[in-house]
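Single-structure report; data block below.
Quick note: the coordinates plus some simple rules give every number you see, no bench work behind them. This is a predicted model, so every value here is computed, not measured. Here Cβ is always computed from backbone atoms with ideal geometry, including for glycine, and neighbour counts include all displayed protein chains.
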Amino acid sequence: MTVSGSWVDAVVAAGAVPASHVPEASLGRNDVEEFTGADPVEAGELRVHPLDDARPLALGAVSFLDGIEQWRVVGYGGITPIVRAHAAAAIRRRGPDRRLRTVAEAAEEVAITRLDRLPAGVRRALEAADVRVLDFPAEDAGQPARALAAARLEVQKARAALERRLAEQRLRALAADEWLVVDGVLSDSAALSEHPRALGVVKSHGAQYFEGAELERALTLPDAHRTGVFRPKVRGAGRDIYSWYVRLWPWEGNDLLYGLLRLEARAHPDTLGLAAPIAAWIRAQRAPIATPDRRWDRLLYPIHDVETYLRARAPSDLTSQPASRIPHPGSRLPRAAS
Amino acid sequence: MIERRDAPHPSHLAPPIGRVVATEQKPATPHQFHFWTANQTTIGIGAIVRVEEPGSGNGETGKVVWGVVTDGFAYSDLATPLHDVVGAEGDPAKAAESPTVRQEIRLWTAAVLRQTPEEPLQPVPLGQVHVASDVDVAQALRMDAYLGGAEPTAIPVGLYTSGGLEAPVYVDADFLLGPEAAHLNISGVSGLATKTSAVEFLLTSIFQHFPPHKGRVGAVCFNVKGPDLCFLDRPGTLQDEDRRRYERLGVEPEPFRRVRYYAPFKADGVNLNTLRTHPDLVGDVEPLVWGLREVLDYAEVLLNRDDIDAKADAFIDFLADRVVDKEFEDGFGGVHRVVTFADLERLFRSIFDGLELASRGGDSWRTHHIATMRKVRNRLANISTRCKGLVTDDGPSNDLPWGRFDDRTVYVVDVANVDPLGQDLVFARVVSQLRERLERRDLGVDAVVVFVDELNKYAPADGPETYVKKMLLDISERGRYLGLVLFGAEQFRSQVHRRVVGNAGTVVFGRMDADELATPGYQVLSPATKIKLATLPIGELMVRHPHFTQPIFVRFPRPAVLRGRDGVERYPPAADLPFEDAVARQLVKLDRRVRPNQVKDLIADRREEDVRRALAHTRQTRPQDALAHFKKQLGGRVAAAPAAARESVAPLNQISDEPY
């Protein structure tokens, strides 16, 4: 009788790296999945550099920015969903005492729907309400599944806009030795992508910049190593940026993207000299571990802290509740807090 | 009077130091709530806080709740300890160097002291938490009920101290000294001098703040070990901090103005059995000497459980009613007037001789079996032997000034070196006298504090039902109506009879032993409170009082009296004097004109018991011319008579099995 795991053992024995659970977070964002390409900057091809001798960048204060979004369908106008969404962003600054304190925050509640698909009365009520209404595209207003996906995209845009606004404001107040670390890409903002002390930390790897041996080199980066700096090919409204990968934890035994971060900094020659110190600095941020978040292998604790802060301040009625989904007899709409 | 020390503004205007939180797991209730504070906070276990419910906005103020912190928690967002190990790669040094400090929380649990309005009683609102001010402390502890008004009854007990605030804490005299409640019990480990110091300070406070409308108050303190209470009239050393605390509490830092010391003699009958024998001080010490009458009234104390029977009781009653202090015919031709132990012994001898000489040797006398009489004789003889010095075989007694107790006076009865049986006797007689006199309202004061250390010895939780224990129970349960107030101290409260400690209206705890805190009596205390009790510094106490719904920690100044240990160093006890010198010194004390050499010449070659009898009589009479009186009592020198041949006595019949 064949043992169920025997074929796995066979492929591992043949040279495959053993792996286990692939967490949901490793799937990456689904909005950037296409191949974009990149140009190596440090050398002619993407190389791997150990961080053993790299001295972490000596930073004074560091500000960390992150945002959250929360939403729920609060009603239907016909078959058109009406979504109540909350987007928020905050910057928490870490000073010499190593404690994080909020220095900036912004939040906004929006309604997302397709106004022209709503019954007139509902539309008028919504227009009269003291809330910004975002329309998702008309072509998504049919099937609820597409409508909800479109609504989610609008919420993400609202959150991204808040983050961008807050980051750009903070850049102007940044002290001379202070850095701003952003959860996500810098290239969405001209100010961020050009600032000498702004750093983007990207933990989702849906975008593909390399192929073949370079891709394998990037994704099998050993622990305590970084790749060479590369310049992602500009797409859409993206700005020119320098980027490189760094591995925080050994991935062997987990999955390829385990502990893998992609960093972004301004496209400037000085960045080449900072790539190793920044990578070493990022690696030093592994402690404390950002548990219980499932993405803790890539989630920096200060970013996790900002997220915790924002969730603590979000409207409690928007957080998911493990409530029963038994029908509401006699009611047309579930009551929603204003 | 309540006043602030260093509060810049009222608590309701000061910024909050925390906020009440309630979850399903840790809800706020009418008796308990939880709140968080910043990591750096002045709040600690025992701190009093004030919770304010936001007003409704129409001018009405919300509910106000006062609570005392009973427990504290700190935790971070760390999911499991393993994650910290992983983050630090197994190196504790790295954990300390992590670039970011984890989020932490300081969460506190508080027990509700008071709510306003008090009805309807509801869960604590999720409001802001403020540090309590002086006024808050008074309200939280319901002291406002007895601090003011036409007849305030507040007695300062200590300072509540937390977060830079220092507020006097008062107990209610009506609940400390009766009639509403009474008695105080204090527990704490030995060796820190906390228990004795606390009682000394509290007595000072009582004497200075006992409300005039409640009359006169005194204290009787039994010194049961060492020199603890031997120097209450001598000033001790105080630090500036102590003086400041005295001032804050409104108590004058001074030793007791009126202290009367009583101590029995040693076996020689002339040297006092106390550590207060320094020549400068011994003049204040009155001998405590009891005779047959004083002992016979409390003979039950002397009888153990096996002894107690109706026959012995009946015989003792017979002696007390029919024999002592009366002309009594023994039935064999002899007439006796029994006043002293020696007289009684003569009577017994006469009876036993009479019975033996009687034909066929009867075994009963006046319906009392000879075995019973021998047992009683044995016990009475035993006390006069074991407590020689306290109990005199002959001569008059010298006692506390019954009926003439002075206001604000401490009567120290030093029985530290007395045989335990004698201690029981002293305790039983003194307390019984206090009780009887207070019942008749002829003691001289309206209320008496009786301080008894080592209460676990006199009223143990288990063991036989002794006379002393029964008496302590009686005081505990009924003393408050009389003004007879028991201040008991012991190391282990759990070892004291629960009805004695249970009836103490005010309970004070010093530093406690961890094993003691593990006993069931402390289950109501939180683990944090227990830890605080186990590490309590000298000078800090936890107080429970009927007005306080929760125990409160207070600090008190060290007493302004000389500590026993220091007193012995400053006033070293004098060595025992030879018999002649001791007699001379006592006569000199009574009359400064007396020359010691005159006394020595006078008593040379005289029997010591005759000298002691004459001295006791002189001491009791206190004549103008002590030497002349002494000489008269001593009588003329009589040549020693040759010893008479003892008449042979036939052996007794039928009593060969009696064990006495």
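With r as the distance between the Cβ atoms of A:ALA149 and B:ILE105 and R0 = 25 Å, compute the FRET efficiency 1/(1 + (r/R0)^6) and round to 0.05. Display every interim value, and only then the final one.
Working: r = 38 Å, r/R0 = 1.53.
The pair B:ILE105/A:ALA149 has a calculated efficiency of 0.05.
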Exercise. Return one number: the angle in degrees, 0 to 90 and rounded to the nearest 10, between the long axis of the Cα atoms of helix B:467-482 and the longest principal axis of the Cα atoms of chain B.
Key: 60
Exercise. Please tell me the relative contact order of segment B:18-140 in percent, rounded to the nearest whole number, where contacts are Cα pairs under 8 Å and at least six residues apart.
Key: 40
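What's the Cα-based Rg to Rh of chain B, Rh via Kirkwood? Display every interim value, and only then the final one.
Details: Rg = 31.7 Å, Rh = 28.8 Å.
With Rh from the inverse mean 1/r over Cα pairs, Rg/Rh is 1.10.
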Exercise. Would you mind computing Rg(Cα) / (2.2 N^0.38 Å) for segment B:18-140, counting N as its residues?
Key: 1.32
Quiz prompt | Distance-filtered residues of segment A:54-72 - backbone nitrogen under 13 Å, label point 7 angstrom along A:ASP317 Cα→Cβ | solution = A:72
Quiz item: So if R0 is 22 Å, what FRET efficiency would B:HIS369 and B:GLU300 give, r being the distance between their Cβ atoms, rounded to the nearest 0.05?
Solution: 0.70
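Considering only chain B, what is the antiparallel percent among its DSSP beta bridges, to the nearest 5? Walk me through the numbers on the way to the answer.
Working: 59 of 94 bridges.
If I count the DSSP bridges inside chain B, around 65 percent turn out antiparallel.
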Quiz item: Which whole-angstrom value gives the distance between the alpha carbon centres of segment B:25-91 and segment A:168-197?
Solution: 37
Exercise. Find the percent of Cα-Cα distances in segment B:440-486 that exceed 18 Å, and round it to a whole number.
Key: 35
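Taking loop as defined by DSSP and a crowding limit of 11 other beta carbons within 10 Å, which trypsin sites (Lys or Arg not before Pro) in segment A:252-290 fit? Display every interim value, and only then the final one.
On the way: sites: A:ARG262, A:ARG266, A:ARG283, A:ARG286; in loops: A:ARG286.
Within segment A:252-290, no trypsin sites (Lys or Arg not before Pro) qualify (loop, at most 11 other Cβ atoms within 10 Å).
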Quiz item: Using Cα atoms only, what is the angle between the long axis of helix B:579-590 and the major principal axis of chain B, expressed in degrees (0 to 90) to the nearest 10?
Solution: 70
Practice problem: Would you kindly work out the equivalent ellipsoid of the protein assembly as shown from its C-alpha gyration tensor and give its semi-axes, the square roots of five times the eigenvalues, largest first in whole Å? | Solution: 91, 30, 28
Quiz item: Once the principal axes of the Cα atoms of segment B:503-580 are found, what is the range along each, listed largest first in whole angstroms?
Solution: 61, 27, 26
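Could you work out the local net charge near B:THR109, counting Lys and Arg as +1, Asp and Glu as -1, over the other residues with Cβ closer than 15 Å to its Cβ? Could you put the intermediate results ahead of the total?
On the way: positive: B:ARG19, B:LYS26, B:ARG106, B:LYS530, B:LYS532; negative: B:ASP71.
Summing Lys and Arg as +1 and Asp and Glu as -1 gives +4.
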Self-check item: Tilt relative to chain B, helix B:608-621 - C-alpha long axis, 0 to 90 degrees, to 10
Solution: 60
Practice problem: Set the Förster radius R0 to 45 Å, insert the Cβ-Cβ distance between B:LYS94 and B:LEU577 as r into 1/(1 + (r/R0)^6), and round the FRET efficiency to 0.05. | Solution: 0.05
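Find the relative contact order for segment B:293-386 and round it to a whole percent, using C-alpha pairs within less than 8 Å whose residues are 6+ positions apart. Kindly include the intermediate steps, with their values, before the conclusion.
Values: 76 pairs, mean separation 25.9, N = 94.
Across segment B:293-386, relative contact order equals 28 percent.
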Self-check item: Zero-based 10 Å bins, Cα pair distances in segment B:293-386, whole percents
Solution: 15, 53, 29, 3
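Based on Cβ point charges of +1 for Lys and Arg and -1 for Asp and Glu, what charge dipole magnitude is obtained for segment B:18-140 about its Cα centre, in debye rounded to the nearest 20?
Details: 8 positive and 15 negative charges, 19 e Å.
Dipole of segment B:18-140, to the nearest 20 debye: 100 debye.
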Self-check item: Length-normalised contact order of chain B in % [C-alpha pairs under 8 Å, at least 6 apart]
Solution: 18
Exercise. Rank the residues B:TRP36, B:TRP108 as a footprinting-exposure proxy: fewest other Cβ atoms within 10 Å of their Cβ go first.
Key: B:TRP36, B:TRP108
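So how do B:GLU24, B:GLU286 line up by other beta-carbon neighbours within 10 Å, fewest first?
Details: B:GLU24 5, B:GLU286 18.
Lowest to highest Cβ neighbour count: B:GLU24, B:GLU286.
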Quiz item: Between B:ARG570 and A:ASP116, how many nm apart are label points set 7 Å from Cα along the C-beta direction?
Solution: 10.1
